[in-house]
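Note sheet for the following structure.
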Amino acid sequence: MARIVSLLKDIYPEALCSLEYGGEGWKLLIMGRLSAQCTDERVNIVCRELFKKFPTLKSIADAQYEDIEEMIKSCGLYRMKAKNIKDASARLYYEYNSIIPDDMDELLKFEGVGRKIANLLLGDLYKKPAIVADTHCMRICGRFGMYKEGKKNPLFTEKTMSQIIDPSEQSDFCHRMVLFGREFCTAQSPKCSICPLSELCQHNLNNKAKKA
C-alpha cells in the first residue's frame with residue numbers, strides 16, 4: 001500500500017479536492033452534502049449559481065427552503081438536501097460562530113453530515129488523518145486487494161485503510177483515488193491494460209492468473 005501511495009503521488013502530484021469550494025469551509029460543508037448520489041462536476045456547476053445567490057453563510061442560513069430547493073434540483077434528493085443545507089448552515093452560523101469544528105463527534109451533529117463528509121472536512125480544512133470512503137475509494141481499495149473486492153461498507157473501508165495508510169497521506173490519497181478512478185479504475189471496464197498500478201493490483205493479477 002505504501003508503494004501504491006507513492007506512485008499515486010507521482011501520477012497526481014496535486015491532490016486537489018474535486019469540489020471547487022475556494023478554501024471556504026462552509027461551502028465545502030454544503031457541497032459535500034450535495035455530492036451524495038451526484039457527481040462532483042454537477043455539484044460544482046450548481047454551486048456556482050447557488051453561491052452567487054447566497055454569497056455568505058448567513059444568507060443561506062436565513063434562506064427559505066424553497067429557494068434552495070429550486071437551485072439544487074439537478075443534484076437529486078433536493079428537498080432533503082435543501083433542508084440539511086439550511087439547517088446545518090444555521091447551526092454553523094448561530095451556534096458555532098461560523099467555525100467548522102475540527103472534531104468528528106461535533107461534525108456529526110450537523111444535519112446531513114455523516115462520517116464521509118466529516119472526514120472530508122477534517123482532511124481538507126485541518127489536514128487531519130481522514131479516509132473519505134466514497135465510491136471510488138471503496139471500489140479501488142477492494143480491487144487493490146486491501147479487502148474483499150466488491151465490499152461496499154464505508155465504515156469498514158475507513159477503518160481498514162486508516163490502519164494501513166500513513167496518517168499524513170490519508171486525505172490526499174482519497175483525492176487521488178477520485179482522479180485515478182476517473183482516469184483508469186472506472187466502475188465499469190477498468191483500463192487495466194494501461195494502468196500504471198496494474199502490477200500492484202490484486203484485481204489485475206487475478207485476471208491474469210485466470211487467463212494463464
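Okay, here's what the table says:
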quantity: Filter result for the condition that a residue is within 12 Å of the chain's Cα centre (by Cα), surrounded by 21 or more Cβ atoms within 10 Å (Cβ to Cβ) and assigned by TED's automatic domain parsing to the domain that holds S6, over C137, C141; calculated: C137
quantity: Conditions (1) farther than 18 Å from N84 by Cα; (2) in a helix (DSSP H, G or I); (3) among the aliphatic types (A, V, I, L, M): number failed by A15; calculated: (2)
quantity: Selection status of C137, out of contact with any Lys or Arg (no Cβ under 6 Å at 6 or more places or on another chain), over 17 Å from L19 (Cβ atoms) and not in a loop (DSSP other than H, G, I, E, B); calculated: no
quantity: Test: residue in the stretch 99-116 that is more than 19 Å from the chain's Cα centre (by Cα) and either at pLDDT 95 or above or assigned to a helix (DSSP H, G or I) (or both); calculated: yes
quantity: Some residue of the stretch 146-160 being surrounded by fewer than 18 Cβ atoms within 10 Å (Cβ to Cβ), in contact (Cβ under 8 Å) with a residue 40 or more places away in the chain, hydrophobic (A, V, I, L, M, F, W, C) and closer than 30 Å to S89 by Cβ; calculated: yes
quantity: Test for R33: is it crowded, with 18+ Cβ neighbours inside 10 Å, outside the structural domain of F180 (by TED's automatic domain parsing), in contact (Cβ under 8 Å) with a residue 12 or more places away in the chain and closer than 27 Å to D172 by Cα; calculated: yes
quantity: Residue selected from the stretch 175-186 under the condition touching a residue at least 12 places away in the same chain (Cβ under 8 Å) and either on the phi > 0 side of the Ramachandran plot or more than 16 Å from the chain's Cα centre (by Cα) (or both), by the criterion surrounded by the fewest Cβ atoms within 10 Å (Cβ to Cβ); calculated: F184
quantity: Unique match (being among the acidic types (D, E), under 14 Å from G145 (Cα atoms) and assigned to a helix (DSSP H, G or I)) among E169, E199; calculated: E199
quantity: Residue under evaluation L121, criteria (1) surrounded by fewer than 22 Cβ atoms within 10 Å (Cβ to Cβ); (2) part of a helix (DSSP H, G or I), criterion not met; calculated: (1)
quantity: Every residue from the stretch 45-64 that is among the hydroxyl-bearing types (S, T, Y) and surrounded by 14 or more Cβ atoms within 10 Å (Cβ to Cβ); calculated: T56
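Conditions tested, residue by residue: (1) under 30 Å from R143 (Cα atoms); (2) without any contact (Cβ under 8 Å) to a residue 12 or more places away in the chain; (3) not in a helix (DSSP H, G or I).
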{"residue": "D10", "(1), (2), (3)": "yes, yes, no"}
{"residue": "G22", "(1), (2), (3)": "no, yes, yes"}
{"residue": "L29", "(1), (2), (3)": "yes, no, no"}
{"residue": "C38", "(1), (2), (3)": "yes, no, yes"}
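The values are calculated or read from the model by the stated rules, or taken from the named source; none is laboratory data. Just so it is clear, the structure is predicted and the values come from calculations on it, not from any experiment. Here Cβ is always computed from backbone atoms with ideal geometry, including for glycine, and neighbour counts include all displayed protein chains.
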